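S.K.: Please read through the structure below; I'll follow up with questions.
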Amino acid sequence: MNKFILTPVLLGIAVLVGACSTVPKSTTLLEQTRVDYVTAQNNPKVNSYAQPEMKLAGDAMAQANTAATGDASLAQIDELAYLAKQKIALTQEVASQKSAEAEIGRSANVRDQMVLKQRTNEAEQAKFAAGQAMMVAQAAAEKTAQAQRQTQDAQARAAQLEQQLKELAAKETERGMVITLGDVLFGTDLSRLTQDGMGTAQKLANVLQQNPQRRVLIEGFTDNTGATAYNLQLSERRASAVRSALQGMGVAPERISTLGYGEAMPVSGNDTAQSRQLNRRVEIILSDANGKIVPR
């Protein structure tokens, strides 16, 4: 049975909490990362096969916890927690892979001993056993090579996604990656996408087609010019226009959700033409790898 071990990192947290007169800040991501860290600590494979990686994860976890007890903003805390979470995930992955490789090695050793014993009893039987062992070894090598190819493919897909999001000028937020379609990508006071707007939609469709586990939430916004009801309808129509474009480009409708907020939630004041133009926008939130989108 695994049991919780008070590590230097967690002991440091306790000391900092006791020493500070203010209540430490926390975020959902930080709490999740702490749980992941404890899980990794209690994983015997980590202790056997991934101690250097666990040390790096512990250092990153300590930085996030220290930020939570200091003057860091929630965004800074989340950034450090995210880095720690990635290092913890890498630790778990390294431990699992090395454990699997060790198990293959032990299995191969047992087979070799059996073959050697058979050779002492009967030469022909030894030859047959040796041939069988070679086939098994080749299968194990192919399995390892396949795992490596899968890892390389995953890394290549991640790099491709990063480049595609960069081309879409996506920004990372606490809700995930957000792509903003400005007012210039729609006809004036219309919900129809311009040619440039369709080009942007096609890039997003490519991302979704290459990452079938991801979904999008499309949110429409306007400035405060005109009637509130009209602005709400316009924001909904613009969000729906993007959804229709994506569906026309092969994205399944169940992967797309839309919301219209009208003149609510401006990103700039409405006192100048430039400010109002910034508020006339469509924001597209890309889900995480599990299809989850953080609600407002």
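No lab work stands behind these numbers, since they all come straight from the coordinates. Since we're looking at a predicted model, the values are computed, not measured. Cβ atoms come from the backbone with ideal geometry, glycine included; neighbour counts cover every protein chain shown.
S.K.: Do the sum for the chain: with -39,500 (n - 2.57) for every DSSP H run of n ≥ 4, divided by all residues, what is the mean residue ellipticity at 222 nm, to the nearest 500 deg cm²/dmol?
M.R.: -22000 deg cm²/dmol
S.K.: Name the trypsin sites (Lys or Arg not before Pro) in the range 199-295 that are in a loop by DSSP and that have at most 15 other C-beta atoms within 10 Å, would you?
M.R.: 292
S.K.: Charges on Cβ only, +1 for Lys and Arg, -1 for Asp and Glu, centred on the Cα centroid of the chain; of 29, 226, 42, which one is farthest towards the dipole's positive end?
M.R.: Result: 42, furthest along the dipole toward the positive end.
S.K.: Something else about it: Based on the Cβ-Cβ distance from residue 103 to residue 32, what FRET efficiency comes out when R0 is 35 Å, to the nearest 0.05?
M.R.: According to the calculation, E is roughly 0.75.
S.K.: What's the FRET efficiency of residue 240 with residue 147 using the Cβ-Cβ distance as r and R₀ = 30 Å, to the nearest 0.05?
M.R.: Computed FRET efficiency for residue 240 and residue 147 comes out at 0.10.
S.K.: So what's Rg/Rh here for the chain, counting alpha carbon atoms and using the Kirkwood radius for Rh?
M.R.: 1.15
S.K.: Relative to the compact globular guide of 2.2 N^0.38 Å, what is the alpha carbon radius of gyration of the range 168-286, as a ratio?
M.R.: Rg over 2.2 N^0.38 Å, computed on Cα atoms: 1.01.
S.K.: Calculate, in nm to one decimal, what residue 157 and residue 138 gain on full extension: separation in residues at 0.36 nm each, minus their alpha carbon distance.
M.R.: Extending this stretch completely gives an extra 4.0 nm.
S.K.: Once you place label points 7 Å from the Cα toward the Cβ at residue 202 and residue 128, how far apart are they in nm?
M.R.: 6.4 nm
S.K.: Let me ask something else about it. Could you give the size of the charge dipole of the range 168-286 about its Cα centre, using +1 on the Cβ of each K and R and -1 on the Cβ of each D and E, expressed in debye and rounded to the nearest 20?
M.R.: I would put it at about 380 debye.
S.K.: Follow-up question, since we're still on this one. Restricting the count to DSSP beta bridges whose residues both fall in the chain, what percent are antiparallel, rounded to a multiple of 5?
M.R.: 75 percent
S.K.: Which one of 241, 182, 141 is farthest out on the positive end of the charge dipole of the chain, using unit charges on Cβ (Lys, Arg +1; Asp, Glu -1) and the Cα centre as origin?
M.R.: Most positive-ward Cα: 141.
S.K.: With unit charges on the beta carbons (Lys and Arg positive, Asp and Glu negative) and the dipole taken about the Cα centre of the chain, which residue among 260, 114, 54 sits farthest to the positive side?
M.R.: 114
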